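Throughout, read-outs are computed from the coordinates displayed, never taken from laboratory work. Remember, it's a predicted structure, so these values are computed and weren't measured experimentally. With ideal geometry, Cβ positions are generated from the backbone for all residues, glycine too; neighbour counts draw on all protein chains shown.
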Amino acid sequence: MSQRIARRLRISGIVQGVGFRPFIFGLAHRGGLGGYVRNTSAGVEVVLEGEADAVEGFLGRLSTELPPLAHIDALAVEPVPLAQHATFVILESQAQAEGVQPIPADIALCADCERELFDPQDRRYLYPFINCTNCGPRFTIILGLPYDRPLTSMAEFEMCPACAAEYADPGNRRFHAQPVACPRCGPRLWMADAHGNESSQGLAAILEARRRLHEGAILAIRGLGGFHLACDASNAQAVVELRRRKGRVEKPFAVMATSVSAAEHLGTIDATSRALLTGHEKPILLLRRMAGAPVCEEVAPGLDRLGVMLPYTPLHRLLLDRQDPRLAAEAVPSVLVMTSGNYSEEPIATSNAEAITRLAPLADAFLLHNRGIEQRCDDSVVLPLPALPFEHAPTRFFLRRARGTAPYPVRMPFEAPPTLALGGELKNTFCLARERSAFLSQHIGDMENLETLDSFEHTLGLLRELFRVEAEIVAHDLHPDYLTTRWANEHRAGAHRTVAVQHHHAHIAACMAENGIGPDERVLGLAFDGTGFGSDGAIWGGEVLLASYTGFKRVAHLEYLPLAGGEAAIREPWKTLVGYGQALELDVQGARGLAGVEPSAIAAIQQMTRRRVNTPLTSSLGRLFDAVAVIAGGQATVSYEAQAAIRLEAAARASRGDARRYPIRLARREGTRHILVRDMLEAMLRDAHAGESQGAIGQRFHQSLAEALGGLLSELRDETQVTTVALSGGVWQNTLLLELAVRQLVQRGLRPLLHSNVPPNDGGLSLGQAAAAVHVAGG
Ligand SMILES: [Zn+2]
Ligand SMILES: [Zn+2]
């Protein structure tokens with residue numbers, strides 16, 4: 001018989017709201033151990049007492065048998081005196097002043113709950129708010145820490161005896177599941193007209209919603225982190241009407257399919273996509289669209305991808321189910337458009353009253369419930385990546401990091417003092433950093449209107465409190481006119497230092513930080529995007545940086561060209577091409593995308609460029625893609641940024657390609673290299689004139705660019721001895737360019753660094769701002 005010992009464990013990581021305490025309780029019981037477990041605001045504390053062998057056994061199983069959603073970041077074990085703990089118990093939570101603890105994200109409906117949902121014998125049969133320790137709302141219902149029912153929006157629902165018994169039973173899978181509820185005691189569901197008048201409730205409301213969707217109505221549906229606007233994805237009339245009401249001309253809508261087998265008719269699903277689609281995060285996945293997919297063209301006009309997600313709440317499951325006999329009484333479309341419940345770029349609506357006010361002009365009816373949404377949280381958007389030829393290559397990019405993932409922290413390779421980074425202007429997120437954790441907010445949106453700024457401030461207020469970050473450093477973008485920059489200037493009162501971080505430096509620093517690059521290391525960074533304010537006041541976006549966290553040297557960039565009309569050119573790629581042509585003395589008449597543009601309009605842009613009126617200089621690669629797209633036959637005007645580039649990529653991917661390349665030259669000037677595009681554009685214009693297809697031109701362009709980058713990076717490696725190349729910026733969402741460029745780097749013995757936890761687009765900027773600012777301020 002071994003000796004009796006006692007140990008105290010302090011565990012941090014994702015250990016609250018994920019069934020962790022019942023798991024500990026079960027392990028302790030199996031080992032015949034005494035002691036206790038309790039949540040603290042720093043994580044979970046466990047005291048174990050028993051035979052030394054049993055305690056060792058417990059510690060071994062702790063990491064190997066962890067519940068699926070739990071994740072241990074740090075585990076400290078210390079001996080404590082024996083205290084005659086005969087049994088093992090779960091104690092009340094204990095708040096600690098200093099501690100900080102990741103908040104669990106919302107989790108999609110689990111298989112056990114799904115089974116009960118459709119079991120006519122179960123007391124939660126067809127109950128749209130069923131959940132357990134392994135699934136359900138978390139982040140979106142949280143008001144404070146520790147994560148316990150009184151500090152969630154479930155506080156107002158008093159549990160019935162049956163629910164209370166499950167909640168209190170350590171052997172039950174609903175033990176301490178904070179949102180536990182049933183039809184007797186929990187939230188309820190109802191349908192309402194555009195004035196908010198109730199028309200049906202419970203199961204009848206679900207049936208009414210199904211019928212209305214089938215008939216072609218547009219419904220506002222209250223979900224987990226906000227409202228969706230939904231309609232039948234195969235009904236062109238309904239989809240066009242939704243576009244008109246929402247003020248969204250062509251930007252693609254996401255769809256929700258009943259099941260994986262239904263999703264298989266929408267897009268190509270490989271093993272990676274299947275895992276992403278069916279995992280507990282359930283993001284919108286950008287799948288390669290299938291020919292004959294049962295959705296109308298208006299859902300994602302002209303695109304070769306389709307944003308697809310599966311039902312992630314019990315309510316979604318009930319809305320789309322085709323098996324249950326009671327639900328089958330009303331037919332329902334097999335695929336629904338599910339887009340954010342907002343007008344254009346405003347934040348998604350969350351409360352019933354707000355929705356009825358703001359969404360009444362958009363929706364024919366409302367499917368509502370009374371479980372409060374404390375945190376606005378959109379659907380996450382994920383892009384599966386092609387297989388890339390290096391070790392530990394990521395399999396997906398987040399394009400939007402929100403429901404299911406936020407606000408899980410990114411672990412940083414250095415200690416940070418309390419820091420707030422405000423993020424960028426578009427696709428804004430902010431970042432709260434302390435110690436080695438960077439807590440990124442969920443996607444906030446485009447900071448171009450006051451509603452979004454309000455949402456930003458609301459979320460910031462809560463997360464600052466939850467993560468206990470009283471910022472000593474505030475980081476913001478270099479752009480003087482961003483709302484976030486103004487916010488930083490207006491909130492200067494505190495004792496903190498403010499640090500302005502250049503946009504592309506922030507991109508590269510974000511990629512470094514999430515890949516564990518240390519403070520003494522340097523990388524070569526390819527920061528490619530549409531727009532970022534440069535240190536010299538120009539619009540940057542085709543930048544090759546030699547970077548550390550503290551600073552960067554711009555070792556190469558796309559040559560400066562005049563952007564006719566400034567930022568407005570984002571919607572009018574034809575102007576970009578005409579301006580570039582004028583500056584480079586090219587005859588752009590052969591550009592196929594200019595065919596429908598009035599010669600007088602072209603002449604006006606040429607004159608504007610000659611006189612340098614409203615033609616800021618840019619080195620943006622995003623804008624170069626626009627210009628190339630217009631040459632190859634893309635649209636003269638677009639309705640959202642990068643639309644022309646996305647179509648060019650799709651055409652290029654579909655083209656077989658050949659050995660021909662376009663000339664891209666380098667020139668050394670003023671201590672940097674300029675990437676010259678004139679000869680390339682000239683050759684493209686000849687190809688277009690000769691009737692070459694958009695795909696062929698696009699394919700050559702992608703290939704030529706990737707090879708030119710490979711050559712450039714080889715030279716820079718030889719000069720700097722730096723072999724790590726960080727890829728960041730929205731242009732890398734172009735997976736054809738990504739694949740070709742990574743192949744070039746690997747062939748030349750360079751080590752690519754890619755994003756995997758934060759978006760390569762501006763949604764990841766705040767992490768980089770924080771990482772850079774901490775070192776700038778500290779150095
Ligand atoms: Zn469950
Ligand atoms: Zn109940």
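Mind ordering 765-774, 30-39 by average Cβ neighbours within 10 Å, highest first?
On the way: 765-774: 32.7, 30-39: 19.4.
Ranking, from highest mean packing down: 765-774, 30-39.
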Of A568, A708, G186, which is farthest on the positive side of the dipole of the chain, counting Cα position, with +1 on Lys and Arg Cβ, -1 on Asp and Glu Cβ, and the Cα centre as origin?
A708
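With +1 on each Lys and Arg Cβ and -1 on each Asp and Glu Cβ, and nothing else charged, work out how big the dipole of segment 354-456 is about its Cα centre, in Debye to the nearest 20. Each step should come with its number before you reach the end.
On the way: 11 positive and 13 negative charges, 80 e Å.
Here segment 354-456 has a charge dipole of around 380 debye.
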Treating only Lys and Arg (+1) and Asp and Glu (-1) as charged, each at its beta carbon, one finds that segment 1-76 has a dipole about its Cα centre, in Debye to the nearest 20, of 160 debye
What does the convex hull of the alpha-carbon atoms of segment 605-720 project to on average, in nm²?
9.0 nm²
How do 258-270, 383-395, 284-296 rank on mean C-beta neighbours within 10 Å, highest first?
284-296, 258-270, 383-395
Shape parameters for the chain, alpha-carbon atoms, Rg then Dmax in Å
27.5, 96
Can you find, among A636, V677, L666, the residue sitting farthest towards the positive end of the charge dipole of segment 632-677, where Lys and Arg contribute +1 and Asp and Glu -1 at Cβ?
L666
For segment 350-398 and segment 708-779, write down the distance between their C-alpha centroids in whole Å.
28 Å
Cα→Cβ-extended label distance, 7 Å offset, between D718 and E585, nm
3.2 nm
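Let me check I've understood the local charge: for P79, count other residues with C-beta under 14 angstrom from its C-beta, Lys and Arg +1, Asp and Glu -1. What total comes out?
Net local charge, P79 excluded: +1.
Exposure proxy check: R358, R686 ranked by fewest other beta carbons within 10 Å? Present the calculation step by step, with values, prior to reporting the outcome.
Working: R358 21, R686 11.
Lowest to highest Cβ neighbour count: R686, R358.
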In range of the label at K553: residues from segment 504-534 whose backbone nitrogen is under 14 Å from the point 7 Å along Cα→Cβ:
522-525
Per residue of segment 476-484, what does 6.51 cos²θ - 1.76 cosθ + 1.60 with θ = phi - 60° give for ³J(HN,Hα)? Whole Hz please, x for Gly and Pro, Karplus curve as stated.
8, 6, 5, 5, x, 9, 4, 4, 5
Expressed as a whole number of Å, what is the distance separating the alpha-carbon centroids of segment 82-140 and segment 496-523?
37 Å
Calculate the FRET efficiency for R571 and D536 from the Cβ-Cβ distance with a Förster distance of 30 Å, rounded to the nearest 0.05.
0.75
Karplus-derived HN-Hα couplings along segment 115-122 (A = 6.51, B = -1.76, C = 1.60, θ = phi - 60°), whole Hz, x at Gly and Pro:
4, 5, 4, 10, 9, x, 7, 7
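With both partners inside the chain, how many of the DSSP beta bridges are antiparallel, as a percent to the nearest 5? All intermediate terms of the calculation are to be shown ahead of the outcome.
On the way: 87 of 118 bridges.
Of the beta bridges lying entirely in the chain, close to 75 percent run antiparallel.
I'd like to compare 708-718, 570-580: which one has the highest average count of other Cβ atoms within 10 Å, and what's the full order after that?
Numbers: 708-718: 17.7, 570-580: 26.0.
Descending mean neighbour count gives 570-580, 708-718.
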Find the cysteines in the chain that fail to meet the 4.7 Å Cβ criterion with every other cysteine, and list them.
C113, C132, C163, C182, C231, C296, C377, C431, C511
Taking every other residue with Cβ under 13 Å from the Cβ of I5 and scoring Lys and Arg +1, Asp and Glu -1, one gets -2
Any idea what angle helix 643-654 forms with the longest principal axis of the chain, computed on alpha-carbon atoms, 0 to 90 degrees, nearest 10?
90 degrees
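Just how large is the dipole of the chain about the Cα centre, in debye to the nearest 20, putting +1 at every Lys and Arg Cβ and -1 at every Asp and Glu Cβ?
On the way: 77 positive and 86 negative charges, 170 e Å.
It works out to roughly 820 debye.
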Out of P418, A257, P480 - ranked by how far each Cα lies towards the positive end of the dipole of the chain, with unit charges on the beta-carbon of charged residues - the top one is A257
Alpha carbon centroid spacing (whole Å) that separates segment 662-698 from segment 235-294:
36 Å
